[in-house]
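K.L.:
Dropping the structure in here first, questions after.
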Number of protein chains: 4
Amino acid sequence: MSSQIPTQPDHACLIVQGPDRPGLVAAITKLIERGSGNIVSLDQFSSDPSGGDFFQRVVFHRPELAAAKLDIEADLERTLTPLGMTWTLRDMGTPKRMAILASQSDHCLLDLLWRYRRGELPVSIPMVVSNHTTSAEDVRALGVPFFHVPSQAGPDKSASEAEILSLLRGNVDFVVLARYMQVLSNDFLEKVGVPVINIHHSFLPAFIGANPYKKAKERGVKLIGATSHYVTEDLDEGPIIEQDVARVTHADSAADLRRHGADVERAVLSRAVLWHAQDRVIRHGNHTIVFA
Amino acid sequence: MSSQIPTQPDHACLIVQGPDRPGLVAAITKLIERGSGNIVSLDQFSSDPSGGDFFQRVVFHRPELAAAKLDIEADLERTLTPLGMTWTLRDMGTPKRMAILASQSDHCLLDLLWRYRRGELPVSIPMVVSNHTTSAEDVRALGVPFFHVPSQAGPDKSASEAEILSLLRGNVDFVVLARYMQVLSNDFLEKVGVPVINIHHSFLPAFIGANPYKKAKERGVKLIGATSHYVTEDLDEGPIIEQDVARVTHADSAADLRRHGADVERAVLSRAVLWHAQDRVIRHGNHTIVFA
Amino acid sequence: MSSQIPTQPDHACLIVQGPDRPGLVAAITKLIERGSGNIVSLDQFSSDPSGGDFFQRVVFHRPELAAAKLDIEADLERTLTPLGMTWTLRDMGTPKRMAILASQSDHCLLDLLWRYRRGELPVSIPMVVSNHTTSAEDVRALGVPFFHVPSQAGPDKSASEAEILSLLRGNVDFVVLARYMQVLSNDFLEKVGVPVINIHHSFLPAFIGANPYKKAKERGVKLIGATSHYVTEDLDEGPIIEQDVARVTHADSAADLRRHGADVERAVLSRAVLWHAQDRVIRHGNHTIVFA
Amino acid sequence: MSSQIPTQPDHACLIVQGPDRPGLVAAITKLIERGSGNIVSLDQFSSDPSGGDFFQRVVFHRPELAAAKLDIEADLERTLTPLGMTWTLRDMGTPKRMAILASQSDHCLLDLLWRYRRGELPVSIPMVVSNHTTSAEDVRALGVPFFHVPSQAGPDKSASEAEILSLLRGNVDFVVLARYMQVLSNDFLEKVGVPVINIHHSFLPAFIGANPYKKAKERGVKLIGATSHYVTEDLDEGPIIEQDVARVTHADSAADLRRHGADVERAVLSRAVLWHAQDRVIRHGNHTIVFA
């Protein structure tokens, strides 16, 4: 069963960010034109017209992109770096390589695999890593490699984290925690070197600590939410990519809340992954600009 | 400009709650039948079939209800009180009397007045009390009395609270804080003797302390929410009646978030008030059963 | 891979409908009490207190239900039939048997199978029937029988319909059309003898005829919807069970609309199936009462 | 009671549309730069990178805009017209002039007036015209002129339409039909010469003809929607600007559906008006590009 990965050959995605100043858009678009690129879509956002930050996502079509990419990059370097701008240029003909870390709960994992198989996600999936073996069959049935790295007992997780890192290193462009129930150490986050996307339940208001669904039930919440964000050193405090909610009532048991929560989690994580894979999410400080 | 209050003459609303046990629904409905009532709608919820709590809302039609009410109440007392049940019986021909406390921000106040005037709310409004005079004209234009009770400087609010209490006492069945920006003392809450409904903004996750919209913006939230709840001694921790959210993006300024927040707040508060006025909300512990 | 079907042993679900009259709720609940049943939940709705229609769903717990069921049914017959009421009593310890008819597009089929496997649906699945073989492996991997009944060429579908009927007959309690792309004949609908649930895309406003996504795109719709309904002789005009929408923009291609449509379709169909399986949906004329 | 209109002095909004071709964005942004403008925000959309249509909205800051506007327009003319592009340049320091046409039902009218008064809408309101006098007081209380133009009996509405036209002519930049219950003739639409925005209820599926709420109730719809669109000769078939829905149940009466419908209508119309007033809506064929 092979999936068709929805890549866009000979299309490039340019992300530019940095201090806003007059003439930036003109300079960048002229540069693309000079490189024989035709702009297909352009999103731009300035946090403040005077003294704010500038963010731009440009997708352009360029026949024989692979051959021209080095020249365009050299031009970008010459033009943008002196202005204090950061930029990345990505060939959209090559899918991003996504690793998924999972545990026993498989709703987020299966939703991602299902969309991958339908050709909805412009990614390849070189591996799923889990501290349980429950999902091995489902994963391998799609031709995706599955690696079992059991959790280490005790507070020191360095050996299992090292094993995961050795699997990931050089093989992936981003990592998705699809309800992976182990807390990753700061050491891991520093070494992994690629963005890590997480999903967790969210409530209005928040319920701190263990068993939030029980607390939410006791308070009688009417909405169950989920938040997908980039993982930073502050656990669950990283830049938010996407959020959503589902409506619940007093008649929903804590188990029902968990079931509704699972539905929201998989929908929110799948959107966040799609947008990240399409370079639609720009990180800035502790928030994101999402050109969705 | 007079509003038509949507009351239901000769209809009664019976709320029963207490420990669940076999035969409760049969006993209650037989009792209504005995009193010549015809059940129009019945909502029932058991938190757990064995050893749980029982909640019921019955609306029944009874010609010449006013004349029969005392007899029905005596029957309810004889039947339900020995079983440890709490109950209330309300004549739906008489609207609940709602006081509104407001401050400068008028979006929630105006939405309530607007729905009142359209005949959407089964309430009378004997008064609006505000610590500002901004809304006096709008309120009085609807024939609703407006009282200005300025906030007391300093931490001791007892004089102004006493003045508000003397206005409310005996005149109202519930109080709505429509973005009233003064914290009410526990002393006030004990003395007021009627339910108090509040509205406040909510976020996924919560942002504690001052200037939550600024913090929400910094974290890049994608949803802005509002929660309406009964006021208890724990500020903003009382039983939730209703919640909702609106979608926002990175392009929304903190002012835009506030505007979207205002839209959600007035929608959520208006629904909570409607349901409370229709006796659709039953308080239990720190949560609510809402038969909406 | 075995699913745990979430049945409720020794619980019965009683559905009663018919002309409303005083004393109905009391009569029914007394009857349950007489049969040693303890009411767990009760939902009731009257279309009009005087001269309207009455609908009730009661779930009650009755130890040794299987042994007592015949007696309770005799009691129901004696009490309700003379009043012109229709009723059904179902043992919730036995899951409903659901057949799924599918074609090539598998998003709805897979969502149902996935929820079945997670133990979210109180159903057994004796068979999936498809006019394509695409999903055979996915279905059988869950231990569910898969039957391939190819579509007949030409307008006369009687042979293939007869083959499907012979598979269904006696084996299923309801049928779900999970994006089954063949129009079923009235003859089939008469003979199948069990409810048939369908899902289709919906728009505000509707776009009649072929290629609705293209027409929706041309008109610039901002919402893509789906409707699940019972199938009647008037194609796609049967009683609505559930509906929902997803937000789209001008930047979504017709293919994007189709993808968002697929997400809404599977969510809506899964809710409709869950509610039907739990006897939460009562048909009446061309609409439904949904006690969700 | 004066509203503060949220204008943006020395900011211009440039809308460009036409056949897409390489170099367009670069050409336009260079042109703005040449005119000493600093781009604040830029939205761009191509229906198809090869041979499609190009749409752009650019907001730029230009000190002393009023003085420079003619020069910039001349430059735009020289550059864009030869390429077959259509463009408009608007000084965002001047609010658009909005006329509201209303009838008896005032929920949409009041929501617009309420947002205008809160300073949420960058418009001035030179007049409200109604075929009823019900809202006269509400309108004039905000300092907005109110004109009563009674409906003509009979099919010929030319006299009353002529009276409305004589009020509008030269005084307004767009017209909002806030539940105005008269069908406007094609002759009126041709003569009015400015965009006309309408709001109407919508359902999934549509219910054609009179009394749609009754039909929706009979079919048991679960969602009530509203659509705001530009008025064209095909009644209610013009380009859609915005849509939304509210959830309803079998327990909602036709009157409840109407009430929920009113809430959705005023929310949808207010968003459509805001976006139109901010030049965020570009018409193209029978659909819109909305840069919201």
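The values are calculated or read from the model by the stated rules, or taken from the named source; none is laboratory data. All figures in this text were calculated on a predicted structure; none of them were measured in a lab. We place every Cβ from the backbone using ideal geometry, glycine too, and count neighbours over all the protein chains shown. Please note that ligands, DNA and RNA were not included when accessible areas were found on the heavy atoms of the full protein model with its side chains. Shrake-Rupley method; radii C 1.70, N 1.55, O 1.52, S 1.80 Å.
K.L.:
Within region D:52-77, how many residues are farther than 23 Å from B:Ala251 by Cα and either open to solvent by 30 Å² or more (accessible area, probe 1.4 Å) or within 11 Å of chain A (Cβ to nearest Cβ) (or both)?
P.N.:
Qualifying residue count for the region: 12.
K.L.:
I would also like to ask the following. For B:Ile100, only one of the following conditions fails: (1) of a type outside the set (Ser, Thr, Tyr); (2) away from chain C (no Cβ under 14 Å); (3) surrounded by fewer than 21 Cβ atoms within 10 Å (Cβ to Cβ). What is its number?
P.N.:
Here B:Ile100 meets the rest and fails (3).
K.L.:
Here is a further query. Under 7 Å by Cβ, and 6 or more places apart or on different chains, what pairs join a residue from region D:143-155 that is touching a residue at least 40 places away in the same chain (Cβ under 8 Å) with one that is in a loop (DSSP other than H, G, I, E, B)?
P.N.:
Qualifying pairs under 7 Å: D:Gly143/D:Met1; D:Gly143/D:Ser2.
K.L.:
Please enumerate the residues belonging to region D:206-233 that are more than 24 Å from D:Phe188 (Cβ to Cβ), touching a residue at least 12 places away in the same chain (Cβ under 8 Å) and either among the polar types (S, T, N, Q) or in contact with a Phe, Trp or Tyr (Cβ under 9 Å, 6 or more places away or on another chain) (or both).
P.N.:
Correct list: D:Phe207, D:Tyr213, D:Lys214, D:Ala216, D:Arg219, D:Val221, D:Leu223, D:Ile224, D:Gly225.
K.L.:
For region B:109-226, give me every one of the helices (runs of 4 or more DSSP H) that falls completely inside it and has 2 or more residues that are within 13 Å of another protein chain (Cβ to nearest Cβ).
P.N.:
The helices (runs of 4 or more DSSP H) meeting that bar are B:136-141, B:212-219.
K.L.:
Which residues, counting only those in region C:254-280, are touching an Asp or Glu at 6+ places or on another chain (Cβ under 9 Å) and either open to solvent by 20 Å² or more (accessible area, probe 1.4 Å) or among the basic types (Lys, Arg) (or both)?
P.N.:
C:Arg259, C:His260, C:Arg266, C:Ala267, C:Arg271, C:Trp275, C:Arg280
K.L.:
Any idea which residue in region B:229-270 is farthest from the other protein chains (Cβ to nearest Cβ), counting only those that are outside any helix (DSSP H, G or I) and among the hydrophobic types (A, V, I, L, M, F, W, C)?
P.N.:
In this case the residue turns out to be B:Val231.
K.L.:
May I pose another question? Among the residues that make up region B:131-145, is at least one of them among the hydroxyl-bearing types (Ser, Thr, Tyr) and surrounded by 19 or more Cβ atoms within 10 Å (Cβ to Cβ)?
P.N.:
Checked region B:131-145: at least one residue is among the hydroxyl-bearing types (Ser, Thr, Tyr) and surrounded by 19 or more Cβ atoms within 10 Å (Cβ to Cβ).
K.L.:
Out of region B:41-81, which residues are closer than 27 Å to C:Arg62 by Cα and part of a loop (DSSP other than H, G, I, E, B)?
P.N.:
B:Ser47, B:Asp48, B:Pro49, B:Ser50, B:Gly51, B:Gly52
K.L.:
Kindly provide the set of residues from region D:1-20 that are out of contact with any Gly (no Cβ under 9 Å at 6 or more places or on another chain) and open to solvent by 50 Å² or more (accessible area, probe 1.4 Å), ordered by number.
P.N.:
Within region D:1-20, none qualify.
K.L.:
OK, next. Could you count how many residues in region C:1-27 are over 27 Å from the mean Cα position of the chain (by Cα) and either more than 7 Å from chain B (Cβ to nearest Cβ) or farther than 19 Å from B:Asp43 by Cα (or both)?
P.N.:
3
K.L.:
Which of the residues belonging to region A:242-264 are in contact with a helix residue (DSSP H, G or I) (Cβ under 6 Å, 6 or more places away or on another chain) and in contact (Cβ under 8 Å) with a residue 40 or more places away in the chain?
P.N.:
A:Glu242, A:Ala254, A:Leu257, A:Arg258, A:Ala262
K.L.:
Just for region C:28-40: of the residues that are more than 29 Å from the chain's Cα centre (by Cα) and in a loop (DSSP other than H, G, I, E, B), which one is nearest to the other protein chains (Cβ to nearest Cβ)?
P.N.:
The extreme case among them is C:Ser36.
K.L.:
Residues of region A:184-231 being within 13 Å of the chain's Cα centre (by Cα) and either outside the structural domain of A:Ala159 (by TED's automatic domain parsing) or open to solvent by 10 Å² or more (accessible area, probe 1.4 Å) (or both), which ones?
P.N.:
Matches in region A:184-231: A:Val194, A:Pro195, A:Asn198, A:Val231.
K.L.:
Return only the number of the condition from (1) away from chain D (no Cβ under 13 Å); (2) buried (at least 22 other Cβ atoms within 10 Å of the Cβ); (3) in a strand (DSSP E or B) that A:Trp87 does not satisfy.
P.N.:
If we test A:Trp87 against (1) away from chain D (no Cβ under 13 Å); (2) buried (at least 22 other Cβ atoms within 10 Å of the Cβ); (3) in a strand (DSSP E or B), just (2) comes out false.
K.L.:
When only residues in region C:41-51 that are within 9 Å of chain B (Cβ to nearest Cβ) and at pLDDT 85 or above count, which is farthest from C:Arg90 (Cα to Cα)?
P.N.:
Among them, the one singled out is C:Ser46.
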